[in-house]
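Following: one structure in structure tokens, then a few remarks.
Nothing in this text is a laboratory measurement; each read-out follows from the coordinates by a stated rule. Computed from a prediction, not measured in an experiment: that's the story for all the values here. FYI the Cβ positions are ideal-geometry reconstructions off the backbone, even for glycines, and counts take in every protein chain you see.
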Amino acid sequence: MLVSDAKVWPGDVTGFAVENGRFSQVGGDLKGGEWAGHTILPGFIDAHCHILPTGLDLLKLNLSSCWTENEVLDAVRDWLPNIEPGQWLHATQYDQNRWGSHLSRHQLDKVSNEIPILLRHSNGHASVANTAALRAAGVEHETPDMEGGEYVRDENGELTGVLLEKAHERVTSKAPEPSLDEMVAGILRAGESMAGYGITSATDMMTGRWDLAKELEAYRLASEQGCKIRLRMYMQWREVLGNGAIEPALLQELISAMDEPKCKVLGLKVFADGAIGSATAAIYDRFVTTGGQGRLIYSPEKLAQIIADIDAAGWRCSVHTIGDRSTDLVMEAYEKTRDPKIHRIEHAMILSDTQIERMAKLGSHVTMQPEFLYRFGHAYRAQLPDGIWQNLKRVRSVLDAGISLSFNSDRPIVAGDPWDGIRSATNRPEGFTSVEAVSIEEGIDLYTRGGAVANFEDDELGMIEVGYRADFQVRKGGTDGELVAVYKEEERTI
């Protein structure tokens, strides 16, 4: 392949050549080829998202256009005829912050008291269920809360249907599990959608939500069936090292069967806390709506032990931590590992100057999702005190401290267009401190080279350089122009 007379980001070089799926020449005297007058960027790398859930969610009711309780209830009611016998009505992008308070199971029961209904919160850490869904999950009035989760009750002690963290996970897990064919189809659908944004590689951050062996098989099959993106995975830690974990021999067999350039496992994932929108992130301050400080998924001692076990077993570790209180616990645990640089910190939305200094010394890679500011700014204002929400996602400070950083989406929590994230980081939404903004060039770098660093593949992906794999996108005119084509090792994906 030969491309000439096209600007190659980020410099003034024009054109390149590709042989055997890698860049063999960048710049220099090149004649012929195509894409004259266009701009060539490396493929975006979404190093923190949820690939299989994204594909499955594309088939579900999406509530992102609903801004009142009645709009939600009407949308659910209108979707009921689509539900096959034995299936649940599972909606996504529910957000009570838009009108002030959660719906209740009784309101959903009026829509249907026979079909299980589950509205998943936009942050993925909470949901609202009707009585049929609670019943199907075996949740009754006497069911106690578990560590790291809560079945919210009203002033009379009655279940409201609101489910937080582990309680949300328990009820969600009782919904009918997708088949292997449905999983493969979902992954392929997600890959097609992501490629449409210029993404050439993505990392699933919670593989093992349903059945780890089946999900790993689905990812392998999707990669072999022409998935339009490279597939990377972090598996849920408990599915590998917890009680009832997968057999090590079977896990090794499933991983060994993958064609690594197309599909591979990177490490294990742990959740340390919840999310801001549901007031479950573990913070030092107090949430405006609840007066609480959020929740830790595990006790500090248990979290430290989990991370130590992952490190001792030779896995890379990635920890979800949004609140400043949980982030201190994660850094404390990482400081005791063999090499903190092989582990990742996900989100780190609330950071003090002292924490940034500590993080710089630690050396772990950090991922951030700037699109959250654009999509969930209303929820952050509602949940966090003044002086806290304005400083969420301190990108500029983190970069200036020399911390390894990447941008990504956490899709399907948000729509997942990298340009939405880049623009949110370069022109922070109203109210958020502008001093934490970055340049367009930095934003692109954090969504390309930064993503490769996050995935420990920066020697092969994320840049248009001789010897690197030829994953790139073609934009009409400038860097943020219309997406014209996406290539993955000489294979055109759109």
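Listed values, structure above:
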quantity	calculated
Full-extension gain in nm, N243 to T354, via 0.36 nm per residue minus C-alpha separation	36.3 nm
P(r) of the chain over all Cα-Cα pairs, binned every 20 Å from zero, in whole percent	24, 57, 18, 1
Average projection area in nm² (convex hull over Cα atoms of the range 399-494, one quarter of hull surface)	7.6 nm²
Ordering of 76-88, 289-301, 44-56 by burial proxy (mean other Cβ atoms within 10 Å per residue, highest first)	44-56, 289-301, 76-88
Kirkwood Rh and Cα Rg combined as Rg over Rh, evaluated for the range 144-293	1.05
The range 21-96 - Rg and Dmax from Cα coordinates, angstrom	22.4, 64
13 Å Cα-Cα reach of K341 towards aspartates and glutamates, excluding residues that sit fewer than 8 places from it in its own chain	D311
Positive-end extreme of charge dipole, the range 180-454 - chosen from H378, G198, L241 (charges on Cβ)	H378
Cα pair distances exceeding 13 angstrom across the range 242-281, given as percent	70 percent
Under the Karplus curve 6.51 cos²θ - 1.76 cosθ + 1.60, θ = phi - 60°, whole-Hz ³J(HN,Hα) for the range 215-224, x wherever Gly or Pro sits	5, 4, 4, 5, 5, 4, 5, 5, 5, 6
Folded to 0 to 90 degrees: helix 324-334 orientation relative to the chain principal axis, Cα	60 degrees
Distance violations [Cα-Cα > 25 Å] among K214/K262; K228/K476; K166/K336; K269/K361	K166/K336
Centroid-to-centroid separation of the range 383-421 and the range 182-245 [C-alpha atoms, Å]	24 Å
Cα lying deepest toward the dipole's positive end in the chain, options G467, L41, F456, charges on Cβ	L41
Restricting the range 410-488 to trypsin sites (Lys or Arg not before Pro) in coil, as DSSP defines it, with at most 15 other Cβ within 10 Å	K476
Loop GluC sites (Glu not before Pro), the range 63-160, which have at most 16 other Cβ atoms in a 10 Å radius of their Cβ (DSSP)	E114, E140, E142, E147, E155, E158
Viscosity 0.890 mPa s, temperature 25 °C, Stokes-Einstein D of the range 336-449 from Kirkwood C-alpha radius, µm²/s	171 µm²/s
Share of Cα-Cα pairs in the range 264-358 lying beyond 18 Å, as whole percent	43 percent
√(5λ) per eigenvalue of the Cα gyration tensor, the range 180-454, largest first, Å	29, 23, 17
Unit Cα scatterers, Debye sum, the range 167-225: log10 I(q)/I(0) for q = 0.16, 0.17 Å⁻¹	-0.56, -0.62
Candidates per trypsin sites (Lys or Arg not before Pro) in the range 4-36, loop by DSSP, up to 13 other Cβ within 10 Å	K31
For the range 57-173, the fraction of alpha-carbon pairs in successive 10 Å shells from zero, as %	14, 52, 30, 4
Size of charge dipole - the chain - debye, nearest 20, with Cβ of Lys, Arg +1 and Asp, Glu -1, no other charges	240 debye
